[in-house]
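Here the structure is laid out as structure tokens; the discussion comes afterwards.
The values are calculated or read from the model by the stated rules, or taken from the named source; none is laboratory data. Values in this document were obtained by computation on a predicted structure and should not be read as measured data. All Cβ positions, glycine included, derive from the backbone under ideal geometry; neighbour counts span all protein chains shown. Accessible surface areas use protein heavy atoms only, side chains included; no ligands, DNA or RNA. Shrake-Rupley method; radii C 1.70, N 1.55, O 1.52, S 1.80 Å.
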Amino acid sequence: MHYWTWLSATGMAVLVFLITLIPAHDAFGVLYVLVIVLVAERCTIKMLRMVAAGCLALECSAFFIVHNDTLFNAGVARLALGVTANLIVTIITERNKKAREALDKQARILAQADRIKTLGQIGIAIAHEVNQPLSTIGTFAQSGTRWLRRPAPNIQEALYCLDQIDANTRRAADIIRNVRDMTHGEQVERQTLLDLRKVIQEAIFLLKSSDIMEHIEIQKTNNGKPPFIYGNKTEIQQLIINLLLNAIEASRLAKNYASPIVISTQIIFQKEYFAEMTIKDHGTGFKDPETSLYFEAFRTTKKTGMGMGLSICQAIVESHGGTIWAENTTPSGALITVHLPLAQVVS
């Protein structure tokens, strides 16, 4: 493409030169500006100036060849017009090129900064998500060690702890793999048929296996038929655990241990069928009434929070074709609602 641009520009310059050799057509020298405009995107500033100088030389040469005996006539005016036009276009084109080059440089700098920011977000997301299974692994490792160090070691309990360590190790690996696939632009598999209630039960079991839920009760409410969805099990578990951890922490901050966290599921119809999951706590709620702001990355009200939990939850829900929103409830607490497309149409 670069070759053809320069060939076309050369051909056009020759054509204009030949036309201006005709005495009545010397005003066509103004067309040299087309040559300058044509090559402007394909050359450096220095080369652009050389092309402009070459066009001026051709125009002046043609003029003196035709008007060597009568230099001071209307042809002189046409030559001056052509030269002026060429100079003006060259100057304008040069300035535009410099401006575009400056903009391109700034765009590259911003793109690099955006990549660095994205890598930082990815690192924080991985740290946030892997923290829970690592915490559970540590708890089971300590528990298994205690079972083995008893005067009469309980092998069955120790094996159970090892199974849970293995399960959480694989879950952490799945989380990292999913994040890696998304950063590489690869398609994460989200076509597994899942019973949402079973995934919730497994997520609660993982939380209960650690000391996170000490003095906190989670109450399940199931309305109607079991809701089935298509999705990635690891991501849906991430979603549920993140939302439950937020509810648990809010309950602890409010020192409200008497009221349970309620997680409920049902099938609803709003133009189409959805699996609805809600999580209700009686904690501190959201300080800002504009609760949608809390789904932005790095926004948090916790002193030790990363501000990635709800942002990750929103990304997971939207990648499954669903929606998520939050609201404060009275007299206290918050309600998170998730809608995910239903995999099976209700008969």
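The packing ranking, built from the mean of other Cβ atoms within 10 Å per residue, places the peptides 313-321, 269-277 in the order 313-321, 269-277, highest first.
The solvent-accessible area of Leu18, taken with every protein chain present and a 1.4 Å probe, is close to 100 Å².
For Glu157, Glu214, the ranking by accessible surface with the largest value first comes to Glu214, Glu157, using a 1.4 Å probe. A Förster radius of 51 Å, combined with the Cβ-Cβ distance separating Lys98 from Gln270, puts the computed FRET efficiency at roughly 0.40. Each peptide among 229-237, 284-292 gets the average number of other Cβ atoms lying within 10 Å of its residues, and from highest to lowest they stand as 229-237, 284-292. A crude spin-label estimate for the pair Met47 and Lys287, with each label 7 Å from Cα along the Cβ direction, gives 5.8 nm. Working from label points 7 Å from Cα in the Cα-to-Cβ sense, the Glu202 to Glu214 distance is 2.8 nm. Largest first, the residues Ile212, Ile336 sort by 1.4 Å accessible area into Ile212, Ile336.
Directionally averaged projected area (the stretch 187-239, Cα convex hull): 4.3 nm². Highest mean first, the peptides 217-223, 191-197, 130-136 sorted by other C-beta atoms within 10 Å per residue fall in the order 130-136, 191-197, 217-223.
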